[in-house]
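Student: The following block contains the structure, expressed as structure tokens.
The values are calculated or read from the model by the stated rules, or taken from the named source; none is laboratory data. Bear in mind the structure is a predicted one, so any value in this text is a computation, not a measurement. Methodologically, a virtual Cβ is constructed for each residue, glycine included, from the backbone with ideal geometry; neighbour enumeration extends over all protein chains shown.
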Amino acid sequence: MSAIRRVSSRVRRLYRRALLRPLPALLLFGSLTAVSNWLWYGGGPFLARGVGTALMLAFALAAAAVLLALGRGRGQLRAMTLLVVAAVALPAVALIAYRLRSGAPLLMHDGAYQTEEAIRFLLSGRDPYGQDYALTSMRLWHWYVNQPIDPALFHYVYYPLTFLLPLPFALAAAALHLPFDVRLVSVAAIAATAGALLAMPWRWEWRWVALCALFLDPFFFMAQGRNDVLWLGALTLGVLATARGRTLLASLAIGVAFAFKPFAIFFLALQAIALLRTPGRARPALTAAALALLALSALVTITPFWLWNPHAFWADTVAFVAGTDPHSYPMGGWGLAGILLALHLVPNPHASVPLGMVQAAVCLPALAWAGRRVWERPTMPRVLAGGTLVLALFLFCGRFLNDNYLAGLLYLAVLSGAARRGTTSAARIAGATAGAPADRPVAA
């Protein structure tokens with residue numbers, strides 16, 4: 001046990017020193033983004049060399065402004081905002097412009113491209129779930145050419161809100177005879193999430209490290225259209241609403257996060273416990289409304305498609321990723337499944353392995369433990385910490401653990417630490433102002 005404690009202590013120390021301090025966080029994530037952006041955009045194989053050079057120059061100037069702001073001790077968040085624009089928004093705009101000019105979805109994530117096809121299915125009166133996307137232009141997408149048919153072409157794995165959110169923008173573009181790229185919605189989500197982090201009532205250091213972890217981690221591949229920012233952004237808005245004392249808005253935002261991605265289910269469950277346990281529940285109607293809002297978005301967006309074709313919805317969003325569908329997602333990645341494959345303990349990536357039972361055996365006790373901690377002290381930092389832990393165990397024990405999943409877990413860990421420190425600082429200020437003890441429990 002002492003060895004475990006020593007290892008745990010060292011991990012926590014590394015976490016605090018590398019991820020929760022402004023300069024180390026900037027150096028870690030900024031250097032990764034610099035290398036990634038050079039390989040994808042600046043080196044010239046994908047974008048014209050002049051465009052790539054301009055993108056890297058903008059990144060270098062923004063990075064210099066950030067270092068200058070750190071050195072001067074003022075304007076840090078304004079400089080960080082410029083760096084986020086240079087690192088993420090400008091490459092995204094460049095890729096979108098190239099696609100709209102040439103028609104080629106260069107460096108566009110297959111999930112984003114498939115979402116556009118899902119919108120087309122819906123507009124033609126067909127259910128996006130249960131469709132054979134190999135019969136669409138997806139089969140000609142550059143990652144699938146000269147390859148065996150990918151099982152992902154037989155399933156749309158995302159929840160309906162992923163294509164319902166861009167739908168009005170696609171309709172408006174069609175009405176105005178303008179081209180449409182679903183990544184335009186991602187850019188808007190990036191802006192909204194950055195705005196939420198900047199608006200947090202925390203010291204600048206905690207907002208800074210959260211911005212670094214979300215927007216300077218290249219493994220999110222935001223410019224290419226991976227949609228993690230949708231559910232993480234909604235969850236971040238929930239954290240902001242909670243910090244501002246907007247209980248109903250916080251519940252709605254966390255519910256929207258779940259409507260985007262099932263990963264948010266653990267945060268939703270812990271938030272429900274926090275609502276039931278929050279001191280001073282003299283207004284049961286408010287608690288009931290907040291609990292209802294947690295489920296509202298998922299009920300409104302998922303139920304119609306479940307009723308439309310229950311089998312197709314289940315096959316696409318559950319069976320495909322759980323390994324129980326004939327065209328299952330192959331095992332692999334950085335988790336337990338990857339280890340089993342590397343040790344040749346399973347015959348092939350498409351083998352049927354009861355990893356769902358492993359997930360249940362590991363995650364249910366962890367969720368119970370996290371729920372007890374939230375019940376003891378119903379604060380947003382505990383909701384975030386517990387949800388992140390359970391999600392990490394769930395993903396590790398699943399069939400695949402992709403790089404963007406690791407990036408999401410890292411951001412959630414940083415957001416949790418920033419929220420705890422930001423809440424503690426606010427509690428001390430409030431306690432000093434009111435003459436109360438500075439270390440009293442505060443519902444964040």
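Student: Scanning for something under 23 Å from the mean Cα position of the chain (by Cα) and at positive phi, does the stretch 119-129 turn up at least one residue?
Tutor: No - not one qualifying residue is present in the stretch 119-129.
Student: Which pairs do you get when a residue that is closer than 30 Å to L275 by Cβ, found in the stretch 348-375, comes within reach of a residue that is assigned to a loop (DSSP other than H, G, I, E, B) and of a type outside the set (K, R), reach meaning Cβ atoms under 6 angstrom, with the pair 6+ apart or on two chains?
Tutor: Between residues of the stretch 348-375 that are closer than 30 Å to L275 by Cβ and residues that are assigned to a loop (DSSP other than H, G, I, E, B) and of a type outside the set (K, R), the close pairs are Q359/C397; V362/C397.
Student: Look at L32 and say whether it is in contact with a helix residue (DSSP H, G or I) (Cβ under 6 Å, 6 or more places away or on another chain), at pLDDT 95 or above and surrounded by fewer than 17 Cβ atoms within 10 Å (Cβ to Cβ).
Tutor: yes
Student: Yes or no: the stretch 304-324 includes at least one residue that is closer than 22 Å to Y411 by Cα, aromatic (F, W, Y) and assigned to a helix (DSSP H, G or I).
Tutor: no
Student: Any idea which of A97, A86 is under 17 Å from G30 (Cβ atoms) and not β-branched (V, I, T)?
Tutor: A86
Student: Could you tell me which of the residues L230, L276, L237 is part of a helix (DSSP H, G or I) and modelled with pLDDT under 95?
Tutor: Answer to the check: L276.
Student: Same structure, new question: Which condition from (1) more than 24 Å from F313 (Cβ to Cβ); (2) touching a residue at least 24 places away in the same chain (Cβ under 8 Å) is the one that A174 breaks?
Tutor: It is condition (2) that A174 fails.
Student: Do the conditions hold for F221, that is, is it touching a residue at least 40 places away in the same chain (Cβ under 8 Å), aromatic (F, W, Y) and on the phi > 0 side of the Ramachandran plot?
Tutor: For F221, the condition - touching a residue at least 40 places away in the same chain (Cβ under 8 Å), aromatic (F, W, Y) and on the phi > 0 side of the Ramachandran plot - is met.
Student: Spot the failing condition for W208; the list is (1) more than 28 Å from R21 (Cβ to Cβ); (2) buried (at least 24 other Cβ atoms within 10 Å of the Cβ), and only one is missed.
Tutor: The failed condition is (1).
Student: Looking at (1) at pLDDT 90 or above; (2) surrounded by fewer than 18 Cβ atoms within 10 Å (Cβ to Cβ), which one does L55 not meet, given that it meets all the others?
Tutor: Here L55 meets the rest and fails (2).
Student: Restricting the first residue to the stretch 186-202 and requiring it to be surrounded by fewer than 20 Cβ atoms within 10 Å (Cβ to Cβ), which pairs with a second residue that is part of a helix (DSSP H, G or I) and charged (D, E, K, R) meet a Cβ separation below 7 Å and a spacing of at least six or different chains?
Tutor: L198/R207
Student: For the subset of the stretch 1-29 comprising residues that are part of a loop (DSSP other than H, G, I, E, B) and either exposed (fewer than 11 other Cβ atoms within 10 Å of the Cβ) or not hydrophobic (A, V, I, L, M, F, W, C) (or both), which member is farthest from the chain's Cα centre (by Cα)?
Tutor: Only one residue fits best here, namely M1.
Student: So which residues in the stretch 400-414 are over 15 Å from the mean Cα position of the chain (by Cα) and either among the aliphatic types (A, V, I, L, M) or at pLDDT 95 or above (or both), if there are any at all?
Tutor: none
Student: Taking the stretch 192-214, which residues are assigned to a helix (DSSP H, G or I) and more than 24 Å from P262 (Cβ to Cβ)?
Tutor: A194, G195, L198, W204, E205, W206, R207, W208, V209, L211, C212
Student: Can you tell me how many residues in the stretch 89-136 are in contact with a helix residue (DSSP H, G or I) (Cβ under 7 Å, 6 or more places away or on another chain) and free of Cβ contacts under 8 Å to residues at least 24 places away in the same chain?
Tutor: Number of matching residues: 5.
Student: Show the residue pairs meeting these rules: Cβ distance below 6 Å; 6+ apart or different chains; first residue within the stretch 239-263 and touching a residue at least 40 places away in the same chain (Cβ under 8 Å); second residue of a type in the set (V, I, T).
Tutor: Correct list of pairs: A250/T242; F258/I265; A259/T301.
Student: Here is a further query. Is there a residue being out of contact with any Cys (no Cβ under 7 Å at 6 or more places or on another chain), at pLDDT 95 or above, surrounded by fewer than 14 Cβ atoms within 10 Å (Cβ to Cβ) and part of a helix (DSSP H, G or I) anywhere in the stretch 123-141?
Tutor: Within the stretch 123-141, one or more residues are out of contact with any Cys (no Cβ under 7 Å at 6 or more places or on another chain), at pLDDT 95 or above, surrounded by fewer than 14 Cβ atoms within 10 Å (Cβ to Cβ) and part of a helix (DSSP H, G or I).
Student: Does L293 count as within 25 Å of the chain's Cα centre (by Cα) and either without any contact (Cβ under 8 Å) to a residue 60 or more places away in the chain or not in a helix (DSSP H, G or I) (or both)?
Tutor: When the stated conditions are applied, L293 passes them.
Student: May I pose another question? Just one of R373, R420 is touching a Pro at 6+ places or on another chain (Cβ under 7 Å) and at pLDDT 90 or above; which is it?
Tutor: Testing whether each residue is touching a Pro at 6+ places or on another chain (Cβ under 7 Å) and at pLDDT 90 or above leaves just R420.
Student: Is it the case, given these coordinates, that A25 is at pLDDT 95 or above and under 25 Å from L184 (Cβ atoms)?
Tutor: Against the criterion (at pLDDT 95 or above and under 25 Å from L184 (Cβ atoms)), A25 does not qualify.
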